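Computed from the coordinates by the stated procedures, all read-outs in this text should not be read as laboratory data. Because the structure is a prediction, the values reported are computed rather than measured. Heads up, the Cβs are rebuilt from the backbone with ideal geometry, glycines too, and the neighbour counts pull from every protein chain shown.
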Amino acid sequence: MFQYHCLNLIAQKGLDIFDEGYKNSDTIDGSQAVLVRSAKMHDMELPESVAVIARAGAGVNNIPVKECAEKGIVVFNTPGANANGVKELVLAGMLLASRDIVGGIEWVQREKDQEDIDKLAEKQKKQFAGCEIMDKKLGIIGLGAIGSMVANAAASLGMEVYGYDPYISIDAAWNLSRTIKHSKSLDEIYSKCDYITVHVPLLDSTKKMINKEAFGKMKDGVVLLNFARDLLVDEEALIEALDSGKVKKYVTDFANHTVAGHEGILVTPHLGASTEESEENCAVMAVKEVRDFLENGNIKNS
Ligand code: MLT
């Protein structure tokens with residue numbers, strides 16, 4: 001990632017770059033600033049030299065923020081910089097859960113050498129029939145940069161969008177259109193919506209927030225999307241909900257879910273922010289934050 005535009009931003013300022021990937025704490029010993037994407041930093045010693053860590057991404061759960069605070073190390077993230085990349089994958093996830101695109105593609109691959117594949121397809125395609133997302137109710141839990149972009153995009157596709165976020169009013173939500181209905185409670189989202197997508201950070205208070213009780217309040221045949229963090233969903237309760245038909249599909253970006261191969265689960269390997277544009281945006285924002293801190297002592301996310 002750091003071979004993009006951001007390397008120039010660093011070099012322009014005469015800062016030295018060490019870019020050989022993370023191996024152990026020695027890798028960053030002597031550095032003032034650390035730029036990191038997904039490497040888990042919890043088990044590493046933080047050298048005295050480090051004054052600032054910037055995470056190229058929204059979540060900071062791979063960084064020991066408490067320990068950093070105790071040591072006076074400033075931690076930045078890059079809120080919003082990859083939001084469009086994630087939003088687009090969430091939309092794709094909603095469509096994949098509604099139309100059996102994957103099943104259809106696999107069928108053609110299997111049968112492609114058959115003569116008269118057109119005729120065969122006519123007979124077979126009933127099994128791939130799906131439903132449309134227009135006029136369906138979408139519930140968005142968390143209206144930060146990603147949640148609010150998903151809200152606007154889904155509304156423009158004709159979905160009826162409900163948003164819930166305990167920290168902001170709908171009017172204050174970033175770039176949020178008037179077509180979004182603000183739910184006063186999670187229960188309203190659970191009981192009303194055909195599709196539910198989660199966009200909250202992983203905190204002690206949000207861990208396993210989608211649990212047996214939450215599933216119990218949802219409509220039968222709901223589609224649940226989780227492109228935020230795997231641990232937001234209680235896996236045992238999820239399996240029960242899938243097996244009983246409460247959840248029709250679970251679409252997630254976390255292959256490390258132990259239940260990833262279960263019937264009804266569509267999973268991608270954490271690809272939400274893996275676009276050229278999002279990687280570049282995150283890297284540039286992270287570098288600018290670090291540079292501004294090292295040069296001017298400013299502590300602010302861009
Ligand atoms: C995020 O927290 O924004 C994502 O985990 C970014 C990433 O995929 O690296």
Could you compute how fast the chain diffuses translationally, taking Rh as the Kirkwood radius over C-alpha pairs and applying Stokes-Einstein at 10 °C with viscosity 1.306 mPa s? Give it in µm² per second.
75
Would you mind checking the tilt of helix 83-98 against the longest principal axis of the Cα atoms of the chain, expressed as 0 to 90 degrees and rounded to 10?
20
Where the centroid of each part is defined by its Cα atoms, how far is region 45-70 from region 92-169 in Å?
37
With unit charges on the beta carbon (Lys/Arg positive, Asp/Glu negative), name the residue among ASN226, SER191, ILE53 whose Cα is farthest towards the positive pole of the charge dipole of the chain.
SER191
Could you work out how far the C-alpha centroid of region 215-243 sits from that of region 244-302, in angstrom?
20
Top of ALA121, ALA54, ALA153 by mean-square fluctuation, Gaussian network on the chain, Cα under 10 Å:
ALA121
Mean residue ellipticity (222 nm) of the chain, computed from DSSP H runs ≥ 4 via -39,500 (n - 2.57), nearest 500
-10500 deg cm²/dmol
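When N counts the residues of region 65-120, how does its alpha-carbon radius of gyration compare numerically with 2.2 N^0.38 Å, as a ratio?
2.24
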The chain: angle of helix 235-244 to the longest principal axis, Cα-based, in degrees nearest 10:
10
Can you tally the net charge around ILE133? Count Lys and Arg as +1, Asp and Glu as -1, for every other residue whose Cβ sits under 11 Å from the Cβ of ILE133.
-1
